1. Every other copy gets compared here: list the nm distances from the residue A:13 label point (7 Å along Cα to Cβ) to its counterparts, shortest first, one decimal.
2. Using a 7 Å offset from the Cα along the Cα-to-Cβ direction at both residue A:223 and residue B:144, what is the distance between the two label points in nm, to one decimal?
3. Nearest 5 is fine: what % of DSSP beta bridges in chain B come out antiparallel, could you say?
4. Fewest Cβ neighbours within 10 Å first, please rank B:371, A:235, B:66 accordingly.
5. Determine the calculated [θ] at 222 nm for chain B from helices alone, applying -39500 (n - 2.57) to every DSSP H run no shorter than 4 residues and normalising by the residue count; nearest 500 deg cm²/dmol.
6. Under the classification rounded if a/c is under 1.5, otherwise prolate if a/b is larger than b/c and oblate if not, where does region A:19-120 fall, given a ≥ b ≥ c as square roots of the Cα gyration tensor eigenvalues?
7. Placing a label point 7 Å from Cα toward Cβ, how far apart in nm is residue A:227 from its equivalents in the other copies, listed shortest first to one decimal?
8. Distance in nm between label sites at residue B:53 and residue A:293, each 7 Å beyond Cα in the beta-carbon direction?
């Protein structure tokens, strides 16, 4: 082999981390709640420590209440949000299974792609970006496709829309389909009723309205979906008692094999991966914060702050993007005025005010900004600061906006709320 | 749907985390270095923040030096150790590809299983647990099987053995095969020379000799392996410029699609997942600690403390497990004396001394203990404390041991080192 010098011989000394202080108002990741950061630095325990099992059990209990479910199989996948999506799909879908994907944004496209990679027979229905599906359109497609799984995105951050899901579970079950929902960007900021709405699998992430760090993905699975997955179950040879139990049609992934993850989180605590201890600590505290405040209060807080932010945008003379009656509480789309340089504005906002907002993807790249009010940033001072900073940067760039009126409009929303109107 | 009350209505208040203070001397997870814990609580930045890219670049630079490689594609997978194994396999192996797995312990079995789930044509060669493979045996199998990938475990924690790898890359390349090595339990505690030994893909975890938390998995990929993976590359529709580029034989996973992860870590920073910011902070500091001390000094420290621990075990009259000339520096196997109740001893050790050690898996379950000296626990007081505690518990359980002689033997190892002998 080559005897090139290893890079370290010429690498300068690397300084300790010293990240800038940002106000993160993009639609995730958001600033991690200081209580969550503090929890992450608690002492490490082993993966089979009785205390670890207690912490895992408590996380499960709290997640059930946040998902509004009684599902036994409620836990986390050790990865970012999309890891739980893939775990849900690869554990449910065998090659050739028909899957119906409802696609009206980038994250619908992601569901389509993940289903394709599972070698599902993928059927896609679409809506223009910025719209949601009427349930009748989904039902019609279910009748035609007869899918094993119907895949939806509750809140597609790329478009800021929140898909209504109430009643969809019953429709899916009537035709023998399972219902999957990606609630990464919506959950905790918008109502999600897993049991009442008949959602069989819902997944999310920690870096948005949970107010935690990216890298751990809550998931809940109904008994109906568990039954489907368990038919494809196998136990790892290294931990099986006796010969390895392998079924036909084995799940194509070890890491995302949910039945194995159920055994790890269940009373057998059968070893699979080594649970990400300190991320679990983060999850525990993020869930505790939500449970303390009450999930419905947290949702209402996101709604209030989202309304204030959208009022500020309109008040300063900018135009909101998309169907506002179906907007996610926690993500606001702003039409970028003609002739305005998206990247330059965002760079100035970041460099001068240390405030981060985002643009979008695909057809909306450079045409809208997306502002998130998520987790502990769903609060008055964060909304006002972001609005004031954006207004100032636009003004300095010659855009005809009225920042003061934006702040007044936002304050009026808070005042109306406080006075009970 | 059922109208059962959601659990929270009957769930008791959940207290803040307050984990016990453990001395983790199992072979991982180990105690996270306090400097790493502190780094994890630094302020969150966005996934496209210039500071985030700087931190990612620095992690890559440091990981290259720790892997002893110049590989451009050196980064982390956002998941536990086995997530990187699966990423390596699913990105390299197309269904039907011949793979040769070298299996002499539980983690060899895991490689076999992951390869099977990729629908590889899996060929396995075995050694009894507690032994390593002579390179001639591997070469002979390569000649017979003509594999696309040869999969090895450097340090199989289940057996404490460290597989010699020097020269194996040349053998693999001679027959057109790629060499994969799982270095989860061995790396940083034992020498690993990715470039010099011709290893095409090596993966590891953070919760062992890196002294970090579980949940993030370093990986390095040679140009030769990158070429193989890139032939199966596709760009996600939601972020592709124009039509999505899909090749035949697309990689079966989105989350573990390494070419997409390369684009995310590379100069294009093409969005894939949302990088696990605070785990990246942990990785940054864990790597900084290793680079500061010097990788070869860190390996020597693990070796010294492993020798002291094994001396303590023999000194107190217990028997070491496995071929000591091939033992990992950082994991010591101890034969459980006849008639001793493994679980009872470990429980007493945990409850009285808050010291954790482990048993093993499969044929070794309940027959050996495994003691890890990893990361910041590869130090004198941790070794002496663990040895003294184990000796005391065994003595109190009527086992004929001489704990004092164990400590003396360990001290003699340190003294010989300090005096340069």
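1. 4.9
2. 5.0 nm
3. Numbers: 19 of 39 bridges.
The antiparallel proportion sits near 50 percent.
4. Values: B:371 28, A:235 18, B:66 24.
Result, fewest neighbours first: A:235, B:66, B:371.
5. Details: 13 runs with 166 residues, N = 421.
Computed mean residue ellipticity for chain B: -12500 deg cm²/dmol.
6. Details: a/c = 2.34, a/b = 1.38, b/c = 1.69.
Since a/c reaches 1.5 but b/c is at least a/b, the shape of region A:19-120 is classed as oblate.
7. 5.2
8. It works out to 3.3 nm between the two label points.
Read the figures in this text as sums done on the coordinates, not as results from a lab. Owing to the predicted nature of the structure, the values given are computational and were not obtained by experimental measurement. No Cβ is skipped: glycine too gets one built from the backbone with ideal geometry, and neighbour counts run over all protein chains shown.
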